[in-house]
Amino acid sequence: MRDREPAAARTGAAGLEVAGTLISESGLDVVFLDLHGEAAPRPEALRVVLAEQGIVVADEHIVTVSSLGGTSALARAVAGQPDPGQPAPVEDGSHGIGSNSVPRRALALIPVDLVTNGTVLGAVLDDPRLRTAALAGPDDTFLEVLRIDAADRPAAAGVVHELDPGAPESLLLELVRRLPAAGVTVKPVPIGGYVWARPSGPGESATAELALIELPERRVRLREAARGGDGFFSTFVLRKLSWRLTGVAERLGLTPNQVTAISFVIGLAAAALIATGDRLPAVIGAVLLQLCVVIDCVDGELARYRRRFSRFGAWLDASTDRIKEFAVIFGLAVAGAQAGLDLWPLAALAIGVQTFRSLADLSWSLRRQQLDPPVVPVPQWQASATRVRIPQGYVSATDTHGVGGWLKRIGHFPIAERFLVISLGAALLTPRVTLIVLCAGGLAAGVYLLAALASRGRSLAGDQTPKIVADTGPWFGAGLLRLRGRSAVIAAPLVAVAEIAAVYLLATMVQAQHGAAVMLVAVIAVAHYLQAYGVREGAGEEFLLIGADLRLAAFVLLIVLPGLLMPVDVENWVTGGLWALTAVVAVTSAGASLKSWIGVTR
């Protein structure tokens, strides 16, 4: 449902005018506030803006706060009781303003004279990740748009009762300042590069309306959909290109998951072209790989642009990234085999070092958060110093660092830099040199991380049970849970890389096809990644169906020992067993991981 059905206006008591009464279990309750009774009201324009953002207005009121009983009328609207004599029903079946009265829907408080872009209201009111939130400018400036979560409305109504009706202009500011004391956390939502105004006269109103017309809202929204925290190449190259493709995807009506699937298919096609071993297909594959990386930025930008997120989408993005990377590494080894070179050990090494580096980095980050949780500052809300805010350009979400900061980012050898190395190597160098550079970069990043861990290990000491960021299985996991300090950070990644090394070395010892061994290694590495990302995303810490301990036991008992002891065709037996185990690990780890991600409540 996208359009609000109109309803006849009716007048309530104490200065409360109800302009629409469409009651439903979904949507948003909206209160337009006439704070001083002299504003040039814009309810129709604001309704159009809300509709353009796809916001369903379930129940709408206009409250003149400065009128007799205005704050009481506002309190009833906040509590979900528009009429004094006929309280609105609530989910627990009770009536009246009290701690047990929980309205069905979230509430938006918006000044009736507000002039702003629709994206601004959508960011505060239509983001499913937010509960109670307020529009914020620089330096904790409160820009007088407030979303109150349904569960927080009773507490907010109690705060409204305490406000001074003689100071209507500061009413919203006082409300947002007092909500934390009532147990309500207010999340600031930065306004970004958009227009905001509370005009005090025709001149300011005309200035604001002109700024609205001139602002390229869609372009700004696309540019601000980029996330922060990326590496150097992603920030300065990929994100400069991806927002344009995000606009194309949005116009075509693609979903983020469809974009992820497109990126995945292009990545596999790039791996297949690189695997041919011929220069022209390899060059085309290198170009496709970079296109794949750019498109890989689009799915997240599209989700943020539309403010629509899903657990399945997060899982799909995390899993396909690793599969694409390992598929291209596998393709490089196949290209070497086409030229008569045995590059399978280098491919296995590349997968192992990247797995260790990524898991160790994530393990360290989670351990630091566990021992020293980040403190979320409470905004010290201030009134806006100006009534008309006209931006000078979009606000970039990408981080800015000095030279030292960017060198550290590059030192972590993030995925965009790894794919750049693979693309350049496939197009200009040989598969052997490409894999050597990839392994060297991963080893250097691992050494850098270990050195940093050794120098800062004391900060990781603590009694908290560590988070296991690898699919170690219950037997190995039970031992890892007893560790503390540096060992708690590094043990799980070491188990993962030890499993990868053991599987590859034992498989080659019993004359297995090296390609089959590397494929199993890659699938095992993906299983470890899925477990690690699941822990990071709060999807529980239960191990997947077949962990490292059970995998190694099955591998030794069903493949290695028969290959060594039984009078069978060793190569066919072992290779067939490897492919069978690869299929079992892939299906069980993906299924168990997806189930845990989808089942989590966030």
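Quick look at the values:
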quantity	calculated
The chain, accessible surface, carbon-and-sulfur percent (1.4 angstrom probe)	62 percent
Global form of the chain, assessed from the alpha-carbon gyration tensor, a/c cut-off 1.5	prolate
Stretch gain in nm, segment Leu429-Arg251, where the contour uses 0.36 nm per residue and the Cα spacing is subtracted	60.2 nm
Amide N of segment 431-473 lying under 14 Å from the label point, which is placed 7 angstrom from the Cα of Arg536 along Cα→Cβ	468-471
FRET efficiency, 1/(1 + (r/R0)^6) with R0 30 Å, evaluated for Gln382 and Leu210 via beta carbons	0.65
The chain: angle of helix 311-338 to the longest principal axis, Cα-based, in degrees nearest 10	30 degrees
Subset of Lys187/Lys408; Lys187/Lys324; Lys324/Lys595 violating a 28 Å alpha-carbon distance limit	Lys187/Lys408; Lys187/Lys324
Solvent exposure, largest accessible area first (probe 1.4 Å, DNA, RNA and ligands not counted), of Ile436, Ile110	Ile436, Ile110
Label point distance in nm, Ala182-Gln464, each placed 7 Å from Cα along Cα→Cβ	3.2 nm
Segment Val447-Ser487, extension gain: residue separation times 0.36 nm, minus the distance between their alpha carbons	12.8 nm
On Cα atoms only, tilt of 279-306 relative to the major axis of the chain in degrees	30 degrees
Val587 versus Thr276: modelled label distance in nm, points set 7 Å from Cα along the beta carbon direction	3.4 nm
Probe 1.4 Å - accessible area at Ser310, Å² to nearest ten	60 Å²
Arg551, Arg219, reordered so the largest accessible area comes first (probe 1.4 Å)	Arg219, Arg551
Inverse mean reciprocal Cα-Cα distance (Kirkwood Rh) of segment 155-245, Å	17.2 Å
Computed FRET value (nearest 0.05) for Ala440 with Ser365, which takes r as the C-beta separation and R₀ as 35 Å	0.90
Rounded, prolate or oblate (a/c below 1.5 giving rounded, otherwise prolate when a/b exceeds b/c) for segment 253-369 by Cα gyration tensor	oblate
Förster-model FRET efficiency, 22 Å R0, Ser170 and Arg129, C-beta, rounded to 0.05	0.15
Relative contact order (%) - criterion: Cα under 8 Å, at least six apart; region: segment 376-510	16 percent
Folded to 0 to 90 degrees: helix 415-428 orientation relative to the chain principal axis, Cα	50 degrees
Accessible area of Val115 in the full protein assembly, 1.4 Å probe (Å², nearest 10)	0 Å²
Order of exposure, largest accessible area first, which applies to Val259, Val49 with probe 1.4 Å	Val49, Val259
Share, in percent, of DSSP beta bridges within the chain that are antiparallel, nearest 5	50 percent
Amide proton proximity set for Thr141, modelled H, under 5 Å, gap of 5+	Gln382
Rel. contact order, % - alpha carbon contacts under 8 angstrom, at least six apart, the chain	11 percent
Per residue accessible area in Å² of the chain, where ligands, DNA and RNA are left out and the probe is 1.4 Å	43 Å²
Three-way shape call for segment 223-289 based on the alpha-carbon gyration tensor, with the a/c threshold at 1.5	oblate
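The values are calculated or read from the model by the stated rules, or taken from the named source; none is laboratory data. As the structure is a prediction and not an experimental result, all values here were calculated from the model. Glycine gets a Cβ as well: all are built from the backbone with ideal geometry, and neighbour counts include every protein chain shown. What goes into the accessible areas is simple: the full protein's heavy atoms, side chains included, and nothing from ligands, DNA or RNA. Shrake-Rupley method; radii C 1.70, N 1.55, O 1.52, S 1.80 Å.
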